[in-house]
1. Largest first and in whole Å, give the semi-axes of region 128-200's equivalent ellipsoid, each being the square root of 5 times a Cα gyration tensor eigenvalue.
2. Please list, by residue number, every one of the trypsin sites (Lys or Arg not before Pro) in region 42-126 that is coil in DSSP and has at most 13 other beta-carbon atoms within 10 Å.
3. Tell me the Kirkwood hydrodynamic radius of region 162-220 in angstroms, computed as one over the mean inverse distance between distinct C-alpha pairs.
4. By what distance, in whole Å, do the Cα atoms of region 108-234 stretch along each of the three principal axes, largest value first?
5. Count the net charge of all other residues whose Cβ sits under 15 Å from the Cβ of F199, scoring Lys and Arg as +1 and Asp and Glu as -1.
6. Figure the gain on full extension for K223 and E78 (residue separation times 0.36 nm, minus the Cα-Cα span) and round it to one decimal in nm.
7. Can you tell me how region 61-161 classifies by the Cα gyration tensor, rounded, prolate or oblate, using a/c under 1.5 as the rounded cut?
Amino acid sequence: MRVWYMGCAPAFQAVESSSNLDTRSITKGNALSNMDLITLFIKTPIVFMHFCLAAYAIVSIISLDLKIFFNYTKPLTESLLNQIKKAEFVLSYVLLLLYASGIFFLIHGAYTDPKYFVNEKLLFKLALVGALTINGGFVAWISNTLKVGDVFSKFRLPKKLALILVGGFSSTAWTWACFIGVARLWNFKLSFLTLGAGFLMNYAIVIVFLTIALAIQEHIAEKKQAKIFIPVRR
């Protein structure tokens, strides 16, 4: 379960291709152009900041995911609910910075390389960002209904399915968005359909794992509960 910001995309998670930068004049020893200066003294620090923010965001989300996973059959505590609220506050600012830096990378890439948007890996990542943003709306719907004492395993079936599908998509898509951002060897080599098929396969594996793991947790919790309420024979 994540708040709206956790379901949102990591904002074009990393710079698409440093090979697209206009650095040829630098390597040839020519005078630096304005774009070279932007690359050296503006873009490079932004890339570093972008990676640091993305790393912080995904680690925060995964750690919170694990806490919720292992407390699936337990009442939601005030402490865990406060952690969710705190994550919402912090990640809201983190994600705004990620979106801003991501947009900067897109503008810079389009200006320096006319074939920048021909890269199907970039197009897939943009589609993934859009899907994550839409998924964030469903995450908000689930998280806004939470209150202290709720037990995830006691939710009705439709809400359980939504929890698994939305949570699984968010975790998978965040991981893919971050990975794609640094997978420069995939630039102009893997097609949109190939990447999409790989993502859907990964998503399906995550959903199957979550369904089985949570069902096992629920079964164990029910057996423990049954032992506690076994009537004493006289």
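1. Values: eigenvalues 200, 27, 19 Å².
After scaling each eigenvalue by five and taking roots: 32, 12, 10 Å.
2. For trypsin sites (Lys or Arg not before Pro) across region 42-126 that sit outside H, G, I, E and B with at most 13 neighbouring Cβ atoms in 10 Å, the list reads K115.
3. The Cα-based Kirkwood calculation yields 12.8 Å.
4. 84, 27, 21
5. Numbers: positive: K121, K125; negative: E120.
Once positives and negatives cancel, what remains is +1.
6. Working: separation 145, 0.36 × 145 = 52.20 nm, distance 2.60 nm.
Computed gain between K223 and E78 is 49.6 nm.
7. In terms of gyration-tensor shape, prolate.
Computed from the coordinates by the stated procedures, all read-outs in this text should not be read as laboratory data. Note that this is a predicted model, so its numbers are computed, not measured. Don't worry about glycine lacking a Cβ; one is built from the backbone with ideal geometry, like all the others, and counts go over all protein chains shown.
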